[in-house]
């Protein structure tokens, strides 16, 4: 488990942070700590509470119960002090499509009262690889380029911590990769990052991962440490007819196949006994005329861990 940081050494810390909307408890007793200069991913399905958490941390909505500190400042009583120290990229971040890339950055610089912003704008254009497109209207940018421009606008006032709410949703794989390369450069500048994402492969890039479900934090750990939260092990199968194979295998009740996931030309089985699973599954498939090319125990992915934790919670 992540070691609790002292408040004065943390970029953010929460204590039993909760938010209800009428009878709906959107976030319940959230306790997280983010070290300065590090990146934490909040992962979970739609409705898990990720956006509500970020909106509370940015001081946009107050918590119902509990509290949070960002850079040592209370998010409710001292939110005015935080305005210039944080950056927030929401899911619906609004660019002005009839303004150019340059003009959008200038607009957000003026909102944040950044003086002599030209040099900062040019730095951000180079940083986000948008310099060749600085005169293009925002409305004519690709989806990935719009996300980069939104990030540039978020960074224009030099925040110490930024909050990114599902920044790569709807973006093509190449643009997603580029965006995360840019975030790695942001970290090198000492800026702390809290990012929400539905993509577990993105969470692998972060120093800390928090898994959310129905407003509750299931676990908070490093990507490597998170794998210790999964009960059982994973066996990967590569076979001749994967689509037919996954329909041949009983799952759920049998300890040798608690859960099965399909990944392109292979599938994974979560099991309590890897050797028995290799033997049982291979026998079932061979009897059906399906060739097993490879069967081996592998390290669980964060997706394996998350699904395992959800199933444990549902059966509790």
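The values are calculated or read from the model by the stated rules, or taken from the named source; none is laboratory data. Note that the coordinates shown come from a computational prediction; the quantities given were computed from them, not determined experimentally. Note: ideal-geometry Cβ built from the backbone for every residue, glycine included; neighbour counts use all protein chains shown.
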- request: Residue by residue through the range 178-214, note down the ones that are surrounded by fewer than 15 Cβ atoms within 10 Å (Cβ to Cβ) and part of a helix (DSSP H, G or I).
  value: 181, 184, 185, 188, 201
query: In the range 117-137, which residues are touching a strand residue (DSSP E or B) at 6+ places or on another chain (Cβ under 8 Å) and either in a loop (DSSP other than H, G, I, E, B) or under 21 Å from residue 180 (Cα atoms) (or both)?
result: 134, 135, 136
query: Out of all the residues in the range 261-316, which are closer than 14 Å to residue 245 by Cβ and under 27 Å from the mean Cα position of the chain (by Cα)?
result: 261, 262, 263, 264, 265, 266, 267, 268, 269
query: Counting only residues that are touching a residue at least 60 places away in the same chain (Cβ under 8 Å) and assigned to a helix (DSSP H, G or I), which one in the range 39-63 is surrounded by the fewest Cβ atoms within 10 Å (Cβ to Cβ)?
result: 51
- prompt: In the range 151-177, which residues are in contact with a helix residue (DSSP H, G or I) (Cβ under 9 Å, 6 or more places away or on another chain), surrounded by 19 or more Cβ atoms within 10 Å (Cβ to Cβ) and either free of Cβ contacts under 8 Å to residues at least 24 places away in the same chain or within 18 Å of residue 123 (Cβ to Cβ) (or both)?
  reply: 151, 152, 153, 154, 155, 156, 157, 162
message: I'd like to check which helices (runs of 4 or more DSSP H) are fully inside the range 227-316 and have at least 2 residues that are closer than 24 Å to residue 210 by Cα.
response: 302-315
statement: All-but-one check, residue 217 against (1) closer than 25 Å to residue 13 by Cβ; (2) in a helix (DSSP H, G or I), failing number (2)
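Scan 186, 209, 195 and give me the residue that is closer than 21 Å to residue 154 by Cα and within 15 Å of the chain's Cα centre (by Cα). I'd like the intermediate steps shown before the answer.
Details: 186 fails: within 15 Å of the chain's Cα centre (by Cα); 209 fails: closer than 21 Å to residue 154 by Cα.
Among 186, 209, 195, only 195 is closer than 21 Å to residue 154 by Cα and within 15 Å of the chain's Cα centre (by Cα).
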- prompt: Which of (1) modelled with pLDDT under 95; (2) over 25 Å from residue 26 (Cα atoms) does residue 160 not meet, given it meets every other one?
  reply: (1)
field: Condition met for residue 268 (at pLDDT below 95 and in contact with a helix residue (DSSP H, G or I) (Cβ under 7 Å, 6 or more places away or on another chain))
entry: yes
- request: For residue 217, state whether it is at negative phi, over 14 Å from the mean Cα position of the chain (by Cα) and buried (at least 20 other Cβ atoms within 10 Å of the Cβ).
  value: no
- line: Only unsatisfied item for residue 249, checking (1) under 26 Å from the mean Cα position of the chain (by Cα); (2) in contact (Cβ under 8 Å) with a residue 24 or more places away in the chain; (3) crowded, with 16+ Cβ neighbours inside 10 Å, is (1)
